[in-house]
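Asks: Dropping a structure here in structure tokens format, bear with me for questions.
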Amino acid sequence: MAEEKICTCYKDGVTLVEEIYNPALDPPFQFAYFLKPTDTLPFIDPTYRSIENGEVIRPLIDENIRKGIVSLPTMAEEYGTEEELVKEIENFLDKYLEIDEIFKKITTYYIFLTWCYDRFDVLPYLRVIGEPGSGKTRFLQTVGSICYKPIFASGAITAAPIYRLIETYGGTLILDEADFKHSNGYEEIVKILNCGYIRGIPVLRCEKNKDDFSVTGYDCFGPKIIATRSYFDDIALESRCITYHIKCRRRNIPLHLPPEFKEETQTLRNKLLLWRLRNFHTVKLKEDLMVPCVQDRINQIFLPLLSIIKDPEVIDDIQMFMVQYDKELLTSKKMSTEAELVMVLCECLEVRNTNPTVKEIAERYNNKFASSEKEKLTAKKVGHILRKIGLQPKQRSDGYFAVILNEEEMEELKMRYYGRTSDF
């Protein structure tokens, strides 16, 4: 007898099988899939038998789907050409949001990226920053509602259900992070975000069983759309986000989402499901689209997005945006305490031609950058920041801690904080 598997999405190397939920069907939980690559519309069936191993696949019958906590398509709906679908999504965003033209393009293709994210090993996060009332929640509602299996989470909940929701559905996490920063769950959320951008790095948690504790790994890989009031303290996490600062509303858009919004989002999800079924096996990373003059991390997070775009003009626009985005990030880095300490460290190495102690670095930093006693850094604080950026001070025979760097390591630090030039 063939084994059975229950899931919302199944791939056996030949066929992509996607769950739909439609209360008008009997049963309401079914699968949509192509039997052959030449099919134009998918079959709808309550089960699927794997061509590869004969395994019987059944859809997940789940209350979270019934209640709309996780939104699935109701069917696979014809969309015409890809250009027509792109335009339809852009018009939808225009109707409910006010964002810059280039970010509208990025957002549109990020939505497409969520529908084929499992073709890539590294993903960017889409993040908006703004004060309360600036429209962050509207952005999450509008964009998130047409992403692949959107999972809406708010800052009021703990991290525990988020692990399980991503593991179970493999969808797009829509996260209003603003309330997490001063909560007990903040570090857990950051852990999910730090592990979830790259495939194959599960988050390990100690789970209580009936008699003891066991270690469980949760796969948090997947697209994420985040709204925050400010930047993350974690520099590595910041570098994984494509960020947009929401501006004041200048044109007339609905203050409240109208009744037809739900129907519009359902229609777009249905069309995007068909797009996924038709395009999934042809999507691949296109490394030839890398921009040579930007930081490696910028290329890393933008390449999956560029790889799904077919319009060469849009590719050019986003590549130009990457160059500007890279400059802005470098400018921001140069104003950080970490960058200032790197500058002082390199000056100490160049002036004295010897490995400076943490105490000497702190003294030079305070003389150069601290305009008041409050802004001065202690040697302990400097040591903490140096370790945070990957430097490990070593204790000398006289008891002082010194930073030991060779010329190659120093140039790498300069490039990380000041760009491809070694000039400060």
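The values are calculated or read from the model by the stated rules, or taken from the named source; none is laboratory data. Note that the structure is predicted; figures quoted are calculated from it, not measured. Note that each Cβ is placed from the backbone with ideal geometry, even for glycine, and that neighbours are counted across all protein chains shown. In case anyone asks, the SASA skips ligands and DNA or RNA and just uses the protein heavy atoms, side chains included. Shrake-Rupley method; radii C 1.70, N 1.55, O 1.52, S 1.80 Å.
Asks: Which of the residues belonging to the stretch 218-227 are open to solvent by less than 30 Å² (accessible area, probe 1.4 Å) and either without any contact (Cβ under 8 Å) to a residue 60 or more places away in the chain or within 22 Å of PHE321 (Cα to Cα) (or both)?
Replies: TYR218, CYS220, PRO223, LYS224, ILE225, ILE226, ALA227
Asks: Any residue at all in the stretch 368-386 that is out of contact with any His (no Cβ under 8 Å at 6 or more places or on another chain), surrounded by fewer than 14 Cβ atoms within 10 Å (Cβ to Cβ) and on the phi > 0 side of the Ramachandran plot?
Replies: Checked against the condition, which is being out of contact with any His (no Cβ under 8 Å at 6 or more places or on another chain), surrounded by fewer than 14 Cβ atoms within 10 Å (Cβ to Cβ) and on the phi > 0 side of the Ramachandran plot, the stretch 368-386 yields no hits at all.
Asks: How many of the residues in the stretch 239-261 are farther than 30 Å from MET322 by Cα and either open to solvent by less than 40 Å² (accessible area, probe 1.4 Å) or in contact (Cβ under 8 Å) with a residue 24 or more places away in the chain (or both)?
Replies: Residues in the stretch 239-261 being farther than 30 Å from MET322 by Cα and either open to solvent by less than 40 Å² (accessible area, probe 1.4 Å) or in contact (Cβ under 8 Å) with a residue 24 or more places away in the chain (or both): 4 in total.
Asks: Right, next: If you check every pair at least six apart or on different chains, which have Cβ atoms under 8 Å apart with a residue in the stretch 118-138 that is without any contact (Cβ under 8 Å) to a residue 12 or more places away in the chain and under 26 Å from PRO304 (Cα atoms) first and a residue that is open to solvent by 10 Å² or more (accessible area, probe 1.4 Å) and of a type outside the set (Asp, Glu) second?
Replies: Qualifying pairs under 8 Å: none.
Asks: Going by the conditions given, is ALA362 surrounded by fewer than 15 Cβ atoms within 10 Å (Cβ to Cβ) and closer than 23 Å to ASP233 by Cβ?
Replies: Details: surrounded by fewer than 15 Cβ atoms within 10 Å (Cβ to Cβ): no; closer than 23 Å to ASP233 by Cβ: yes.
It is false that ALA362 is surrounded by fewer than 15 Cβ atoms within 10 Å (Cβ to Cβ) and closer than 23 Å to ASP233 by Cβ.
Asks: What residue, among those in the stretch 33-52 that are among the β-branched types (Val, Ile, Thr) and either at pLDDT 95 or above or over 17 Å from GLU4 (Cβ atoms) (or both), is surrounded by the fewest Cβ atoms within 10 Å (Cβ to Cβ)?
Replies: If we take residues in the stretch 33-52 being among the β-branched types (Val, Ile, Thr) and either at pLDDT 95 or above or over 17 Å from GLU4 (Cβ atoms) (or both), then THR38 is surrounded by the fewest Cβ atoms within 10 Å (Cβ to Cβ).
Asks: To continue, here is another question. Among the numbered criteria (1) open to solvent by 10 Å² or more (accessible area, probe 1.4 Å); (2) within 29 Å of CYS116 (Cβ to Cβ); (3) among the aliphatic types (A, V, I, L, M), which single criterion is violated by VAL215?
Replies: For VAL215, the failing item is (2).
Asks: Starting from the stretch 84-95, take each residue that is more than 16 Å from LYS262 (Cβ to Cβ) and list its partners that are of a type outside the set (A, V, I, L, M, F, W, C) and not in a helix (DSSP H, G or I), counting only C-beta distances under 6 angstrom and pairs at least six apart or across chains.
Replies: These pairs meet every condition: LEU85/TYR79.
Asks: Regarding VAL70, is this residue closer than 30 Å to LYS247 by Cβ and either open to solvent by less than 90 Å² (accessible area, probe 1.4 Å) or among the aromatic types (Phe, Trp, Tyr) (or both)? Please lay out each step first, then the result.
Replies: Numbers: closer than 30 Å to LYS247 by Cβ: no; either open to solvent by less than 90 Å² (accessible area, probe 1.4 Å) or among the aromatic types (Phe, Trp, Tyr) (or both): yes.
The answer is no for VAL70.
Asks: Among the listed residues ILE20, ILE57, identify the single one that is β-branched (Val, Ile, Thr) and within 28 Å of the chain's Cα centre (by Cα).
Replies: Working: ILE57 fails: within 28 Å of the chain's Cα centre (by Cα).
Result of the check over ILE20, ILE57: ILE20.
Asks: Ok, one more. In the stretch 236-274, which residues are outside any loop (DSSP other than H, G, I, E, B) and either touching a Leu at 6+ places or on another chain (Cβ under 6 Å) or among the charged types (D, E, K, R) (or both)? Can you show your working first?
Replies: Looking only at the stretch 236-274, we keep the residues that are outside any loop (DSSP other than H, G, I, E, B), and these are 236-238, 241-245, 260-274.
LEU237, GLU238, ILE242, GLU260, LYS262, GLU263, GLU264, ARG269, LYS271 - these are the residues of the stretch 236-274 that are outside any loop (DSSP other than H, G, I, E, B) and either touching a Leu at 6+ places or on another chain (Cβ under 6 Å) or among the charged types (D, E, K, R) (or both).
Okay, residues lined up against (1) of a type in the set (D, E, K, R); (2) open to solvent by 70 Å² or more (accessible area, probe 1.4 Å); (3) not in a loop (DSSP other than H, G, I, E, B):
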{"site": "LYS5", "(1), (2), (3)": "yes, yes, yes"}
{"site": "VAL14", "(1), (2), (3)": "no, yes, no"}
{"site": "VAL17", "(1), (2), (3)": "no, no, yes"}
{"site": "LEU25", "(1), (2), (3)": "no, no, no"}
{"site": "PHE31", "(1), (2), (3)": "no, no, yes"}
{"site": "GLY54", "(1), (2), (3)": "no, no, no"}
{"site": "ILE57", "(1), (2), (3)": "no, no, yes"}
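Asks: Against the definition (farther than 15 Å from ALA160 by Cβ and either open to solvent by less than 40 Å² (accessible area, probe 1.4 Å) or modelled with pLDDT under 85 (or both)), how does GLY200 come out, yes or no? Please lay out each step first, then the result.
Replies: Values: farther than 15 Å from ALA160 by Cβ: yes; either open to solvent by less than 40 Å² (accessible area, probe 1.4 Å) or modelled with pLDDT under 85 (or both): no.
So GLY200 does not fit the description; no.
Asks: From (1) within 16 Å of GLY171 (Cα to Cα); (2) out of contact with any helix residue (DSSP H, G or I) (no Cβ under 6 Å at 6 or more places or on another chain); (3) β-branched (Val, Ile, Thr), pick out the condition that doesn't hold for VAL56.
Replies: VAL56 satisfies all of (1) within 16 Å of GLY171 (Cα to Cα); (2) out of contact with any helix residue (DSSP H, G or I) (no Cβ under 6 Å at 6 or more places or on another chain); (3) β-branched (Val, Ile, Thr) except (1).
Asks: Which of the residues spanning the stretch 105-157 are open to solvent by 10 Å² or more (accessible area, probe 1.4 Å), assigned to a loop (DSSP other than H, G, I, E, B) and among the aliphatic types (A, V, I, L, M)?
Replies: ALA156, ILE157
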